[in-house]
Every structure is written in C-alpha cells, then in structure tokens.
Amino acid sequence: MTALTLFFLASLLLLSLGLAGLVTRRTLVGMLISVELMLNGAGLALVAAAKCTAAPDVHGQLTALFVMGLAAAEATLVLAMILVVQRRFGHVKVDDMSVIQAE
C-alpha cells in the first residue's frame with residue numbers, strides 16, 4: 001500500500017465519520033463539529049494528493065489554507081445562527097424546531 005492510499009483512507013475515514021455525525025447528531029453544535037470534520041478530511045486529501053504526486057507541494061498547501069478559511073467562515077456563520085436559534089427557542093435541539101418564522 002502506498003502512502004497516498006493510506007492518506008486517502010484516513011481522509012475517507014474522516015469524511016465518513018463526519019457524515020455519520022451529521023446524520024445522527026440532534027444539536028446544531030454537534031452538526032457543526034461534524035461538518036468541520038468533513039472539511040478536515042477534504043483538506044487532508046488535497047494535501048496528500050499534492051504531496052504524493054507530481055503536482056507542486058505549494059498547490060496542496062494553498063488549497064488546504066483555502067479549505068481552512070472556508071471552514072472558519074462557515075463556523076462563524078453557523079455559530080451566529082445557533083445564537084439566534086438559542087435566543088428564539090431557548091435550546092438548540094433540531095428535533096424540537098419545526099418552524100422558524102420571522103416576527
């Protein structure tokens with residue numbers, strides 16, 4: 001087994017765990033953590049592909065930085081939404097929220 005295959009298997013494991021967490025979690029914070037795990041798996045795959053192939057290493061590193069920036073922006077927006085939901089409903093459980101209406 002090559003190093004690239006091992007990196008891709010680790011990346012696939014992170015993506016799978018993130019998807020499983022996204023489906024099974026009942027709180028918005030748990031869902032946010034699962035999405036972050038999936039983005040980390042994608043970043044690992046991009047860096048591994050750049051490192052273990054003929055592509056320049058800097059392309060993989062720049063792409064990983066882009067994924068990290070995207071994850072930070074996503075986390076900021078989702079945490080702001082979680083605060084709004086917490087103030088409106090008093091909790092952040094997804095099952096109990098059926099309708100979100102503007103007042």
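Every read-out reported here was derived from the displayed coordinates using simple, explicitly stated rules and does not represent laboratory data. As the structure is a prediction and not an experimental result, all values here were calculated from the model. So basically every Cβ, Gly included, is an ideal-geometry build from the backbone, and we count neighbours across all protein chains shown.
Data table
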{"item": "Packing-based ranking, highest mean first, of 80-92, 10-22, 31-43, 63-75 given that Cβ atoms within 10 Å are counted", "result": "31-43, 10-22, 63-75, 80-92"}
{"item": "Linear extension gain, M1 paired with V78, 0.36 nm per residue minus alpha-carbon span", "result": "23.8 nm"}
{"item": "FRET efficiency, 1/(1 + (r/R0)^6) with R0 22 Å, evaluated for S16 and T53 via beta carbons", "result": "0.40"}
